[in-house]
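Notes for the one structure printed next.
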Amino acid sequence: MQQLRALLLFFVFHFLLFTSGSAQDSSRLRISLLTCTPGEELYSTFGHSAFRVIDSALLTDGRPSDIVYNYGVFDFDDAGFYIKFARGKLNYYVAPEPFNDENGYMGFRSLYQSYNRGITEQVLNLTGEEKTTILNFLKNNIKPENRYYKYDFFFDNCTTRLRDILKKQHDSSFCKKPVMPDGSRFRQAIHQYLDNNHKDWSKLSIDILLGLPCDAVMTAEQMQFLPDNLMKSLDSSDHKMVITSQNLYSIQQDTNRGSFFTPYVCFTLLFAVIFLLGFVKNRVVQGFLTGFDRFFFFFTGLLGIILVLMWTATDHQMCRNNFNLLWAWPTHAVIAFVSNKRSWVKKYYLFTAVALTLVLISWYFLPQQMNNDLVPVVALLIYRSAIKAKK
């Protein structure tokens with residue numbers, strides 16, 4: 001009887017020791033999602049995401065290990081950086097960095113505070129095994145042979161990488177609940193950030209470069225390419241994905257209301273000035289208009305060439321099937337330097353005026369959402385084409 005009692009006590013003791021050891025192993029790790037607010041620079045306009053891993057078993061100067069795994073790192077010194085960036089072939093990589101300042105090195109938190117960018121932390125509801133698996137994956141991913149990936153703003157970025165890790169290692173149900181209205185499109189998603197930050201000229205440039213694919217309706221999972229949307233998805237998941245959420249740093253509110261000189265205002269003023277100068281029968285003024293036409297049509301044609309190259313010579317999926325080529329014709333770059341005395345040149349300008357008038361009439365009915373700031377530009381192309389066809 002005593003032997004049986006001793007045997008039972010032995011098993012109970014080791015069972016408690018095992019379970020307490022597992023609980024300790026589970027509690028020593030804390031993995032959270034950091035979501036940073038937009039910054040002033042265009043590349044930071046849409047926010048940022050990163051994983052924060054605290055390991056209380058690893059102590060440095062009496063403090064637990066506190067590391068951020070950042071998938072949004074790129075190297076300006078990379079050979080051919082700008083060419084690779086333009087062609088969509090630039091490699092980004094994941095890098096570990098301390099959350100707090102260490103040995104004179106500015107940590108993740110201080111860096112984002114210095115740029116007045118807020119940080120929200122969501123502690124993730126993960127099992128001990130899931131935390132260990134994710135940490136091992138991250139450690140393996142930062143190895144030189146694994147750390148690089150070809151960045152895609154919409155489909156493979158610093159946020160989607162974290163989403164995919166959670167999908168694979170934990171649960172994918174949080175990807176099925178939309179956090180934006182049904183029917184939301186990629187272009188609408190990025191517009192809200194550009195409008196909120198008064199980046200009218202950036203919005204215009206982006207709208208010119210991005211083609212029809214950007215007007216596709218997003219799935220619930222595709223909405224999570226934006227850091228804010230991934231954060232909202234975790235908060236609203238039917239399965240409890242977040243244990244606690246806290247604001248680590250609140251931004252100082254920006255009082256900037258934007259500039260009066262928006263693209264629409266500038267282009268409308270340009271149209272008005274050129275239109276009025278057309279009535280001035282002065283040799284100097286007419287010479288200026290001739291020079292302006294040459295520059296205007298050449299620049300429009302050059303833009304069309306760039307759009308063709310972005311469509312055919314790069315890996316940017318969203319730059320394909322670009323309807324801006326309906327008004328930015330590459331042939332304008334050549335015709336700008338051809339004498340207007342030739343009859344076929346006059347016919348070219350007449351055809352341009354008629355075709356662009358039809359484009360302007362159908363502006364709001366095209367499959368691709370066109371930027372309204374360009375309406376005065378197209379109207380000016382029509383006007384100057386008609387004048388040159390008449391001469």
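Here are the numbers:
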{"read-out": "Residue count for the stretch 132-173, restricted to those that are out of contact with any His (no Cβ under 7 Å at 6 or more places or on another chain), of a type outside the set (Ser, Thr, Tyr) and in contact (Cβ under 8 Å) with a residue 24 or more places away in the chain", "value": "20"}
{"read-out": "In the stretch 201-250, the residues that are of a type in the set (Val, Ile, Thr), assigned by TED's automatic domain parsing to the domain that holds GLU40 and under 18 Å from PHE46 (Cα atoms)", "value": "none"}
{"read-out": "Some residue of the stretch 250-263 being in contact (Cβ under 8 Å) with a residue 12 or more places away in the chain, among the basic types (Lys, Arg) and under 25 Å from LEU366 (Cα atoms)", "value": "no"}
{"read-out": "First in the stretch 361-372 and touching a residue at least 12 places away in the same chain (Cβ under 8 Å), second anywhere and outside any helix (DSSP H, G or I) and not hydroxyl-bearing (Ser, Thr, Tyr), Cβ under 6 Å, 6 or more apart", "value": "TRP363/MET370"}
{"read-out": "GLU130 being within 25 Å of LEU166 (Cβ to Cβ) and in contact with a strand residue (DSSP E or B) (Cβ under 8 Å, 6 or more places away or on another chain)", "value": "no"}
{"read-out": "Among residues of the stretch 129-185, those that are of a type in the set (A, V, I, L, M, F, W, C) and either in contact with a Lys or Arg (Cβ under 8 Å, 6 or more places away or on another chain) or part of a helix (DSSP H, G or I) (or both), counted", "value": "11"}
{"read-out": "Those residues of the stretch 205-229 which are of a type in the set (D, E, K, R), closer than 28 Å to ASN247 by Cα and in contact (Cβ under 8 Å) with a residue 60 or more places away in the chain, in sequence order", "value": "ASP228"}
{"read-out": "Selection status of LYS150, loosely packed, with under 15 Cβ neighbours inside 10 Å, within 19 Å of SER237 (Cα to Cα) and basic (Lys, Arg)", "value": "no"}
{"read-out": "Those residues of the stretch 163-216 which are surrounded by fewer than 17 Cβ atoms within 10 Å (Cβ to Cβ), at pLDDT 95 or above and of a type in the set (Asp, Glu), in sequence order", "value": "ASP164"}
{"read-out": "Pairs where the first residue, in the stretch 71-83, is closer than 13 Å to TYR148 by Cα and the second is modelled with pLDDT under 70 and part of a helix (DSSP H, G or I), C-beta under 9 Å, 6+ apart", "value": "PHE74/PHE81; ASP75/PHE81"}
{"read-out": "Of residues in the stretch 244-283 being more than 39 Å from the chain's Cα centre (by Cα) and at pLDDT below 95, the one nearest to SER110 (Cα to Cα)", "value": "GLY278"}
{"read-out": "Matching entry among LYS281, LYS240, LYS232 (being assigned to a loop (DSSP other than H, G, I, E, B), over 30 Å from PRO376 (Cβ atoms) and either touching a residue at least 24 places away in the same chain (Cβ under 8 Å) or not aliphatic (A, V, I, L, M) (or both))", "value": "LYS240"}
{"read-out": "Selection from the stretch 198-253 of residues that are under 15 Å from ASP171 (Cα atoms) and among the basic types (Lys, Arg)", "value": "LYS240"}
{"read-out": "LEU307 surrounded by 12 or more Cβ atoms within 10 Å (Cβ to Cβ), over 23 Å from ASN125 (Cα atoms) and not charged (D, E, K, R)", "value": "yes"}
{"read-out": "Residue within the stretch 304-312 that is touching a helix residue (DSSP H, G or I) at 6+ places or on another chain (Cβ under 8 Å), outside the structural domain of PHE85 (by TED's automatic domain parsing), in a loop (DSSP other than H, G, I, E, B) and within 30 Å of LEU90 (Cα to Cα) present", "value": "no"}
{"read-out": "Count of residues meeting criterion [in a loop (DSSP other than H, G, I, E, B) and more than 29 Å from TRP201 (Cβ to Cβ)] in the stretch 332-391", "value": "6"}
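Conditions tested, residue by residue: (1) of a type in the set (Phe, Trp, Tyr); (2) surrounded by fewer than 16 Cβ atoms within 10 Å (Cβ to Cβ); (3) not in a helix (DSSP H, G or I).
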| site | (1), (2), (3) |
| --- | --- |
| THR35 | no, no, yes |
| TYR43 | yes, yes, no |
| ARG52 | no, no, yes |
| ILE83 | no, yes, no |
| TYR93 | yes, no, yes |
| GLU97 | no, no, yes |
| TYR112 | yes, no, no |
| GLU121 | no, no, yes |
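The values are calculated or read from the model by the stated rules, or taken from the named source; none is laboratory data. Source: prediction; values computed, not measured. Backbone-built Cβ (ideal geometry, glycine too); neighbour counts: all protein chains shown.
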